[in-house]
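The structure appears right after this line, and notes come after that.
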Amino acid sequence: MKIIIINGPNLNLLGKREPDVYGSETFDSFFNQLKNDFPQIELSYFHSNIEGELIDKIQEVGFSYDGIILNAAAYTHTSIGIGDAVKAIATPVIEVHISNTFAREAFRHQSFISPNAKGIIIGFGLQSYKLALQSFLR
Ligand code: DQA
């Protein structure tokens, strides 16, 4: 089973960025742990701060991979282009967020990804990614 985690803007700063909201673990360290926990999954990871690069990656993997775990970060709330890309592909997408976006500012309550996501996992810290992976195994 081939699954990719795609992370959007500023998520490369996990560990340093607002640790009270996003925790103090780096994504690299969490990702290595995740690969150890799910040796049966061919798991890869892509990060970009650039909207078009995220769309390119969604299109590239979106007809051959078994699943995409997408945290489009701030673009979740602004990007019709990423929303359209999720709609255009065949691979199921699970939208994840580390923080509970509904407990935060009103502008974070809107998502252009959710209407076309297979499911949404929000607010469980980095464990949100793990829950998404587990859901693909079911
Ligand atoms: C986030 C929530 C977004 O609102 C924010 O812009 C992020 C991270 C999360 O994982 O909690 O960058 O997607």
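The values are calculated or read from the model by the stated rules, or taken from the named source; none is laboratory data. All values derive from a computational prediction rather than experimental measurement. Note: ideal-geometry Cβ built from the backbone for every residue, glycine included; neighbour counts use all protein chains shown. Heads up: the accessible areas ignore ligands, DNA and RNA and are worked out on the full protein's heavy atoms, side chains in. Shrake-Rupley method; radii C 1.70, N 1.55, O 1.52, S 1.80 Å.
Residue pairs whose Cβ atoms lie under 6 Å apart, separated by 6 or more positions or on different chains, with the first residue in segment 21-43 and over 21 Å from residue 67 (Cβ atoms) and the second open to solvent by less than 20 Å² (accessible area, probe 1.4 Å), are 21/99; 22/14; 22/98; 26/14.
When segment 92-138 is filtered for residues that are open to solvent by 10 Å² or more (accessible area, probe 1.4 Å) and more than 15 Å from the ligand (Cβ to nearest atom), the ones remaining, listed by number, are 92, 115, 116, 118, 119, 134, 135, 136, 137, 138.
Residues in segment 20-29 that are modelled with pLDDT of 95 or more and open to solvent by 70 Å² or more (accessible area, probe 1.4 Å): 28 alone.
Here segment 30-73 is the region considered, the condition is being within 16 Å of the ligand (Cβ to nearest atom) and more than 23 Å from residue 108 (Cβ to Cβ), and the residue that is least open to solvent (accessible area, probe 1.4 Å) is 34. The single condition from (1) more than 22 Å from residue 134 (Cβ to Cβ); (2) assigned to a loop (DSSP other than H, G, I, E, B) that residue 12 fails is (2). All of (1) within 16 Å of the ligand (Cβ to nearest atom); (2) open to solvent by less than 80 Å² (accessible area, probe 1.4 Å); (3) out of contact with any Asp or Glu (no Cβ under 7 Å at 6 or more places or on another chain) hold for residue 79 with one exception: (3).
Restricting the first residue to segment 62-81 and requiring it to be within 17 Å of residue 14 (Cα to Cα), which pairs with a second residue that is open to solvent by 10 Å² or more (accessible area, probe 1.4 Å) and among the acidic types (Asp, Glu) meet a Cβ separation below 8 Å and a spacing of at least six or different chains? Close Cβ pairs (under 8 Å, with a partner that is open to solvent by 10 Å² or more (accessible area, probe 1.4 Å) and among the acidic types (Asp, Glu)) amount to 75/51.
Within segment 74-81, at least one residue is over 15 Å from residue 132 (Cβ atoms), assigned to a helix (DSSP H, G or I) and touching a Ser or Thr at 6+ places or on another chain (Cβ under 9 Å).
From 51, 42, 18, which residue is at negative phi and more than 14 Å from the chain's Cα centre (by Cα)? After ruling out the rest, the residue left standing is 42. Suppose the filter is at pLDDT below 95 and not hydrophobic (A, V, I, L, M, F, W, C); does residue 56 pass it? When the stated conditions are applied, residue 56 does not pass them.
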